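Enquirer: The structure under discussion is supplied below as structure tokens; questions concerning it will follow.
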Amino acid sequence: MTGYEAAPIHLDLDNRFYRQVEAARFPRHVLRWRNDRAAATIGLAGLDDAGWIDHFASFKPLPDNLQAPLALCYHGHQFGHYNPELGDGRGFLFAQMKADGGRVLDLGTKGSGTTPFSRTADGRLTLKGAVREILATEMLEALGVNTSKTFSVIETGEALDRHDEPSPTRSAVLVRLSHGHIRIGSFQRLRYMDDAEGIEILMRHTARHHFAGNMDADAPVNELAPRFLAAVAAGIAETAGAWMAAGFVHGVLNTDNFNVTGESFDYGPWRFLPQFDSHFTAAYFDHGGRYAYGRQPEASLWAVCRLADCLVPFGGTEPLEAALTGYYPLLETSLQRRLCWRLGIEVPAEDARRIAATLFTAAKADQTPYAQILHDWYGGERRRGTYEGAAWQAFAGTLAGAQRLPQADNSIFDREAPVALPIERVEALWAPIADADDWAPLYAAIDEIRLWGGALRGDDTLKRQAAPMSG
């Protein structure tokens, strides 16, 4: 395993932050997905399939790494209501290692069995849920969003009963690669327990290992707290802006679903916008639209404010409030910059602001799919489609003088239809798996997404670096 370097830093923390657990034993191990592109960043791409299954289905410890999985402790606000009965209920931290550039990355699971936090749940994941997470992470990575990577999916041979899928349904265990698994809810739990010492320990740990080089983890706590909050807020603002530019709706922006590194993760009822609609929701159970597309900036800031609540004991509210003043400007800059990149253009910041505003105004009154709009205008001019009326004329006017990015001439964008993942396509990719165990359409779609992502980055020669498995 050339390049592999274990870094089990979570063991620096005591057991108030986690519980040691055992993985479930599964009746079958059928490798369905291994992400060698991600594995190469942590020195694990050289594992053969048998070794891969040993580590990511049977959960044999990796060398010099965690010797027992750790179910992490956290609470959180769920749809605005505080829930002190959360924690890793169907997952655990399996391993930590250094990646390219020295960052510490985690391998965490989903569907790996029950833990002390499972309550009445079975600790399992449906195979369809795993497939949906592959698609979400691959699409978001192609769009340049700071996201976890779906590292492994292994079908486990159990039949699960679920109210939101035809049951019994197939089961899987998923492993994700992520820049940490410390959540806003991790701090909320300690605040709920009135454990100021624990909050300080976790803050210094995160600053030292996940914000290394950006802040002094040993600074006086009243100085560290606002700097830490500002860093977390900046990362989340950047990601929320990226979601908005991508037309992505996470669906469940509870505080336990916010990683303090700012990385987007844990994909349940996600969607991409069909048409531009600020009220569009992803979760069928989000009856009030709390996490609708257009409310994601507000929901993200609300979550960051709950982290600020946890840090009040270290210097009061005033420095924390000051640390959050730049949140919306950072989010808007992220949105505008990324939207222009998605359009294949480069413009000054003030022009980017106008482009975003006029595009959203025009798109609100148009039934053209959001992804199609960006595809049709890629390169800074209308390539196809009919876009009539004053609002579209205003948008076209804002593009005058935009500099086309070199990759905007790539032939992948000359076809009529964009690469997109509306819910209908997601269901169409799942259907042959469910009906005939045919994985070829899914693997072809992932190849297409990766090729397109390479073209967006200016690398249209990208080779397949994932190795999907079937049978």
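The values are calculated or read from the model by the stated rules, or taken from the named source; none is laboratory data. This structure is a prediction, so every number in the text was calculated from the model and none was measured. Glycine gets a Cβ as well: all are built from the backbone with ideal geometry, and neighbour counts include every protein chain shown.
Enquirer: Given 123, 144, which one is under 30 Å from residue 343 (Cα atoms) and part of a loop (DSSP other than H, G, I, E, B)?
Expert: Sole residue among the options that is under 30 Å from residue 343 (Cα atoms) and part of a loop (DSSP other than H, G, I, E, B): 144.
Enquirer: Here's a follow-up. Between a first residue in the stretch 414-437 that is more than 13 Å from residue 135 (Cβ to Cβ) and a second residue that is modelled with pLDDT of 95 or more, which pairs have beta carbons less than 6 Å apart while being 6 or more apart in sequence or on different chains?
Expert: From the stretch 414-437, the pairs are 418/371; 418/372; 418/375; 432/438; 432/441.
Enquirer: Among 158, 197, which is in the same structural domain as residue 265 (by TED's automatic domain parsing) and surrounded by fewer than 23 Cβ atoms within 10 Å (Cβ to Cβ)?
Expert: It is 197.
Enquirer: Across the stretch 229-238, what is the total count of residues that are buried (at least 24 other Cβ atoms within 10 Å of the Cβ) and either touching a Phe, Trp or Tyr at 6+ places or on another chain (Cβ under 9 Å) or polar (S, T, N, Q) (or both)?
Expert: Counting residues in the stretch 229-238 that are buried (at least 24 other Cβ atoms within 10 Å of the Cβ) and either touching a Phe, Trp or Tyr at 6+ places or on another chain (Cβ under 9 Å) or polar (S, T, N, Q) (or both) gives 4.
Enquirer: Of the numbered conditions (1) touching a Leu at 6+ places or on another chain (Cβ under 6 Å); (2) small (Gly, Ala, Ser); (3) assigned to a helix (DSSP H, G or I), residue 380 satisfies every one except a single condition; which is it?
Expert: Among (1) touching a Leu at 6+ places or on another chain (Cβ under 6 Å); (2) small (Gly, Ala, Ser); (3) assigned to a helix (DSSP H, G or I), residue 380 violates only (3).
Enquirer: Residues 413, 395: which one is surrounded by 12 or more Cβ atoms within 10 Å (Cβ to Cβ) and closer than 15 Å to residue 359 by Cβ?
Expert: Unique residue meeting the criteria: 395.
Enquirer: So which residues in the stretch 212-250 are in a loop (DSSP other than H, G, I, E, B) and touching a His at 6+ places or on another chain (Cβ under 7 Å), if there are any at all?
Expert: The answer is none; no residue qualifies.
Enquirer: Here's a follow-up. Could you list, in sequence order, all residues of the stretch 67-94 that are more than 22 Å from residue 283 (Cα to Cα) and surrounded by fewer than 21 Cβ atoms within 10 Å (Cβ to Cβ)? Explain how you work it out, then say what you get.
Expert: Just the residues of the stretch 67-94 that are more than 22 Å from residue 283 (Cα to Cα), to begin with: 67-74, 84, 92-94.
Scanning the stretch 67-94 gives 67, 68, 84.
Enquirer: Enumerate the pairs (first residue in the stretch 150-173 and within 18 Å of residue 268 (Cβ to Cβ); second residue anywhere and polar (S, T, N, Q) and modelled with pLDDT under 95) with beta-carbon separation below 9 Å, excluding pairs fewer than 6 apart on the same chain, so at least 6 apart or on different chains.
Expert: Here the result reads 160/167; 160/169; 161/167; 161/169; 162/169, each pair linking the stretch 150-173 to a residue that is polar (S, T, N, Q) and modelled with pLDDT under 95.
Enquirer: Residues 428, 455, 440, 466: which one is under 22 Å from residue 272 (Cβ atoms), at pLDDT 95 or above and not polar (S, T, N, Q)?
Expert: 428
Enquirer: Test residue 187 against the stated conditions and say whether it is modelled with pLDDT of 95 or more, in a helix (DSSP H, G or I) and in contact with a Leu (Cβ under 7 Å, 6 or more places away or on another chain).
Expert: yes
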